[in-house]
Amino acid sequence: MPTSSSSIHSFPSSLISKPLKPLKPSFLTTFFPKTLTLTCTTSQPSKRPTSKNSRKSSYGTSRRSSLKKTFNQEQVLFTAPVTDDPVVAIIGGGMAGLVCALNLEKRGVRSTVFDTGIHGLGGRMGTRIIDPQPLIFDHAAQFFTVSDSQFAELVDSWLEKGLVQEWQGIIGKLDVGGQFLSLPSLPPRYVGVNGMRPLADSLLSETSLVNVVRPCWISKLDPFNGMWYLSENGKPQGQFDAIVIAHNGKCANRLLASSGLPLIARQMKRLELSSIWALLAAFEDPLPIPGGAASSPFEGAFVKGIDSVSWMANNTKKLLHSQNGGPHCWTFLSTAAYGKRNKVPQENIPNATAEKVKVGMLGGVEAALGLPKESLQKPFYTRVQLWGAALPTNTPGIPCIFDPQGRAGICGDWLLGSSLESAALSGIALANHMADYFQSGGARPEEFAVGLMNEFQPLGGHDIGQFPGLESEKQKNEAQAYELAS
């Protein structure tokens with residue numbers, strides 16, 4: 001176990017530890033009337049669907065899956081018993097998808113994780129390293145906290161393996177003009193050793209039942225003969241007994257639009273996401289940073305009162321613990337409002353927009369630090385990146401979604417909140433729920449439908465996400481008193 005300074009104490013368990021409440025038995029008769037379910041034969045097809053031999057959703061009606069018209073697309077209904085050795089396709093290799101794969105393995109279920117990442121797994125757990133200096137930046141998830149006992153157990157194991165470390169540096173709130181208020185050191189803040197992405201890449205290093213395929217952009221889901229056939233731009237990527245959607249945004253909506261999963265597609269489409277700009281900047285000399293406790297410069301700050309910047313962090317000190325000498329690598333993240341106002345296609349950012357965002361965000365940093373206009377030292381390296389589908393702004397407040405008729409589920413932070421903890425808990429919940437479903441043989445689907453009808457509620461938090469336990473009511477009151485006094 002980790003030492004006492006790094007160990008995580010038990011916290012009250014979240015709703016993830018409670019049994020998931022399935023939809024009422026009337027669910028099936030409401031959305032899948034027996035009178036409309038088609039009887040299927042069990043003969044084997046001569047050919048499975050391919051890009052050259054593709055057939056619309058009617059192909060499933062003559063095999064072990066049947067289709068029924070629901071909403072704007074046909075609902076796939078798998079009627080054959082679940083196999084003794086099911087294999088699950090997990091589309092998305094962020095925290096939720098990776099933890100789902102890990103927990104399926106714990107239950108003896110094989111899986112394949114498909115991820116689009118060119119540089120590695122992790123999704124928004126992104127770390128960019130620029131050689132030859134090297135320069136290092138966490139350019140998405142900045143750190144995480146722990147408030148749930150299940151997540152605490154998982155993070156304790158990461159500490160033991162040396163995958164994460166406690167971020168000891170000062171973080172706090174930075175107001176316009178350089179007014180800084182440090183936050184208490186509890187609860188502990190954690191970061192990946194050498195960045196957040198190496199943590200993601202290490203999670204599956206000791207697995208035996210998990211396969212990883214990347215970079216791979218799954219573009220089509222075909223239900224056929226009681227199985228899901230996945231393809232990438234016409235190239236077959238395997239057949240699976242069940243699927244997990246562990247990503248979101250327009251790509252997930254496009255994938256689900258004609259999948260035969262209208263209930264899951266409808267829930268995914270209800271999700272609203274913010275857009276956030278990230279500016280990575282390296283400076284030769286230290287920035288003039290206001291002091292925190294004992295006049296030590298802060299390493300991370302939630303920026304208040306600046307339109308273009310909501311967060312800034314010194315990666316060099318956070319990840320490399322460098323006290324002297326350069327270069328000094330900083331990550332600046334925009335507000336959601338600034339991201340929305342300057343949103344462009346993230347795959348093809350116009351040069352003029354990139355320059356505008358860079359200048360605007362550096363100006364925001366200058367104002368936040370209380371520096372005279374145009375006095376901030378010029379960085380020798382900059383890069384901007386738009387996270388077009390950055391963080392959820394609403395949530396159904398349930399750990400996972402599962403459609404037993406289509407043998408498909410969803411996991412992701414947005415189902416519970418907007419934190420790394422929420423993502424992990426969602427992956428755990430879906431893995432256990434699907435493993436229970438497989439053990440049942442799939443004979444009682446009405447007992448396993450969950451999250452398909454939940455309404456969404458607005459989601460609060462910082463522009464860069466939620467950090468459970470970071471600010472207690474006492475701390476919030478102290479911060480408000482400080483703001484009033486200043």
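The values are calculated or read from the model by the stated rules, or taken from the named source; none is laboratory data. Nothing here was measured: the structure is a model prediction, and the numbers come from that model. Neighbour counts run over all protein chains shown; Cβ positions are idealised from the backbone, glycine included. Protein only, heavy atoms only, side chains kept; ligands, DNA and RNA dropped before computing areas. Shrake-Rupley method; radii C 1.70, N 1.55, O 1.52, S 1.80 Å.
Suppose we keep just the alpha-carbon trace of segment 244-318; what are its Rg and Dmax in angstrom?
Final numbers for Rg and Dmax: 20.2, 60 Å.
In segment 364-414, what chymotrypsin sites (Phe, Trp or Tyr not before Pro) fall in a loop by DSSP, with at most 14 other Cβ atoms inside 10 Å?
Here the chymotrypsin sites (Phe, Trp or Tyr not before Pro) that fit, given the DSSP loop and packing criteria, are F380.
Would you mind calculating the gained length between E347 and R214 on full extension (0.36 nm times residue separation, minus the Cα-Cα distance), in nm to one decimal? Please list the in-between numbers first.
Details: separation 133, 0.36 × 133 = 47.88 nm, distance 1.82 nm.
The span from E347 to R214 would gain 46.1 nm if fully extended.
Roughly speaking, what is the stretch gain from E446 to S185, that is 0.36 nm per residue apart minus the C-alpha to C-alpha distance, in nm to one decimal? Walk me through the intermediate numbers first.
Numbers: separation 261, 0.36 × 261 = 93.96 nm, distance 4.68 nm.
Full-extension gain reported as 89.3 nm.
Ranked highest first by the average count of other Cβ atoms within 10 Å around their residues, in what order do 298-310, 130-142 fall?
The packing order, highest mean first, is 298-310, 130-142.
Over every pair of different alpha-carbon atoms in segment 113-250, take the mean of 1/r and invert it; report that Kirkwood radius in Å.
About 18.1 Å for segment 113-250.
Net charge around P404, counting only other residues with Cβ within less than 9 Å of its Cβ (Lys, Arg = +1; Asp, Glu = -1)?
-1
Calculate, for V359 and A80, the FRET efficiency according to 1/(1 + (r/R0)^6) with r their C-beta to C-beta distance and R0 45 Å; round to the nearest 0.05.
Efficiency for this residue pair is about 0.15.
So between D131 and V193, what do we pick up on full extension, going 0.36 nm a residue minus the alpha carbon distance? Walk me through the numbers before you get to the answer.
Numbers: separation 62, 0.36 × 62 = 22.32 nm, distance 1.83 nm.
The span from D131 to V193 would gain 20.5 nm if fully extended.
What FRET efficiency comes out for the pair S205/Q239, r = Cβ-Cβ distance, R0 = 22 Å, nearest 0.05? Each step should come with its number before you reach the end.
Values: r = 26 Å, r/R0 = 1.20.
It comes to 0.25.
Could you compute the net charge surrounding C216? Neighbours are other residues with a C-beta less than 12 Å from the C-beta of C216; K and R count +1, D and E count -1.
So the environment of C216 carries a net charge of 0.
Given 4 °C and 1.567 mPa s, how large is the Stokes-Einstein diffusion coefficient of segment 240-365 in µm²/s, with Rh as the Kirkwood radius over Cα pairs?
74
Need one number: convex hull volume per residue for segment 177-289, Cα atoms only, in Å³.
Working: hull volume 26.0 nm³, N = 113.
In segment 177-289, the Cα hull volume divided by residue count equals 230 Å³.
Using a probe radius of 1.4 Å on heavy atoms only, what accessible surface per residue do you get for segment 268-427? Whole Å² is fine.
That works out to 37 Å² for each residue.
Please tell me which of these pairs span more than 27 angstrom C-alpha to C-alpha: K304/K378; K220/K356; K173/K269; K356/K378; K318/K378?
Too far apart for the 27 Å limit: K220/K356; K173/K269.
When N is the residue count of segment 331-419, what does its C-alpha Rg come to as a fraction of 2.2 N^0.38 Å?
1.53
5 Å is the cut-off here: which amide hydrogens, built 1.01 Å from N in the peptide plane, fall below it relative to Q237, excluding neighbours closer than 5 in sequence?
Placed amide hydrogens put L230, S231, E232 under 5 Å from Q237.
At R0 = 22 Å, how high is the FRET efficiency between F456 and K340 if r is their beta carbon distance? Nearest 0.05 is fine.
Efficiency for this residue pair is about 0.70.
Can you give me the relative contact order of segment 84-233 as a percent, contacts being Cα pairs under 8 Å and 6 or more apart?
28
Size of segment 179-243 along its principal axes in angstrom, Cα-based, largest extent first?
Largest to smallest, the principal-axis extents are 61, 32, 21 Å.
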